[in-house]
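Please treat every number below as a calculation from the coordinates, not as lab data. Bear in mind the structure is a predicted one, so any value in this text is a computation, not a measurement. Neighbour counts run over all protein chains shown; Cβ positions are idealised from the backbone, glycine included.
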Amino acid sequence: MKRMAVRARNFEEFAVDVVYDRRDSNLGVKLLGGFMLVLSFVFDGIVRFRTWLYYQRIFRNQPLGVPVVVVGNLTVGGTGKTPIVEKFARSLALRGRHVAILSRGYKSRSEPAHRRLWRWISHGEDPPPKVVSDGQNVLLDSAEAGDEPFMLARNLPGVVVLVGKNRVKAGQYAIRKFGTDILLLDDGFQYLSLRGQLNLLLVDKTNPFGNRHLLPRGILREPIQHLTRASYVFITKSDGQANDDLRATIHKFHPEVEIIECAHRPTYLQSINNGGQRRPLEDLQGMRVAAFSGIAMPESFEKILRQLGATIVHNKRFLDHHRFTPEELERFCSRASDAKADLIVTTEKDAVRLPSDLAPPVPLYYLRLEIEILSGDHDFDAAVSRICFPRDSFTQSRAPFPTDGGDYSDE
């Protein structure tokens, strides 16, 4: 069984590398890539048909009576969405809004199958959404809530964080239970069942649309032209250099959309096993570092460490949202020690999945990243103001579907 699990994991890593075009072309890559491409054409048709059904009002989106801000991507993973959600939620809370974040809780612990089956047989009601934070206390861990919801709950006191696949019901619960007056739909650009008044679309400058194929051959969840639903486009992981080609692509499909460029800036190192000690980034200069991560785009994390002057003497990449086993962590820490690493550094998202009793022989830290607006700062403030003053904004908001520019925000 263990050997089969290893083989399955190896194949999954191979498939992910094919999707991201990280493997040199050979027969295996070509065969799997060709099979994935066929499935991509099928998926493309399904996505376009689903969108058309919403545009024709055959499928309807549900209003909830309060402003709904959607934050999402056209691609899977890697755009740096969580810091954007955190920045927006904090800005709204500081302006006196009662904010709730709705998340699907990707890879969180799901309800047992036998309970779901019994509820289906007995026509029972769906359980309420999981309350990760009630605005006062963090109530669930990352395994139960999911990595991103737990991070948001921990970093945003005063903000309610809920997890549930049915985010219409989660939104209704937030309004009824917590008096929420604004909802942030995390990773919700494809969740058309809930009516959003403001759509914030994130595009990663370092890998905007992958190879421009839809899943599973590429990283696109829907065609690029569907970015016409965006109210604002955030170009993330920007280095401040010219983005003329990317801007031209965005404006080709959505000429009037406002573009805001931002960078994910490292701010400090946070100790995981040393009483919460913080260290300045300057400490990385000349340090021998062992790095590990389980994120969609590990290259960005590793690049930041090198830019800060660290030498990576041992590095391990896991699949996105990977749950580390004790054996994997023990093996990594042993190799970090053998490589004479001064520090072990991981990402904040990976840190929430580490066991609390982990005691590595090398000091362990995570790298804290925060959003810095590089251009379009006035536009970001304007977006926040639109939410804080809905009479000046949401009564006129539009979010057209890409089929012919039609409007789905009104009845």
CD proxy, 222 nm, the chain: helix-only mean residue ellipticity via -39,500 (n - 2.57) per DSSP H run with n ≥ 4, per residue, nearest 500, stands at -11000 deg cm²/dmol
Of the listed pairs K81/K177; K87/K349; K205/K252; K2/K30; K169/K349; K165/K316, those with alpha carbons more than 22 Å apart are K81/K177; K2/K30; K169/K349; K165/K316
Among trypsin sites (Lys or Arg not before Pro) in the range 271-336, those in a DSSP loop whose Cβ has at most 14 other Cβ atoms within 10 Å are R323
In terms of the charge dipole of the chain, which places +1 on Lys and Arg and -1 on Asp and Glu at the beta carbon, the residue among G164, F209, I84 farthest towards the positive end is G164
Rounded to the nearest 10 degrees, the helix 298-307 long axis (Cα) sits at an angle to the longest Cα principal axis of the chain of 60
Of 242-249, 69-76, ordering from highest average Cβ density within 10 Å down gives 69-76, 242-249
Rounded to the nearest 10 degrees, the helix 167-178 long axis (Cα) sits at an angle to the longest Cα principal axis of the chain of 90
Among beta bridges assigned by DSSP with both residues in the chain, the antiparallel ones amount in percent, to the nearest 5, to 30
Counting every C-alpha pair in the chain, the percent lying more than 38 Å apart is 21
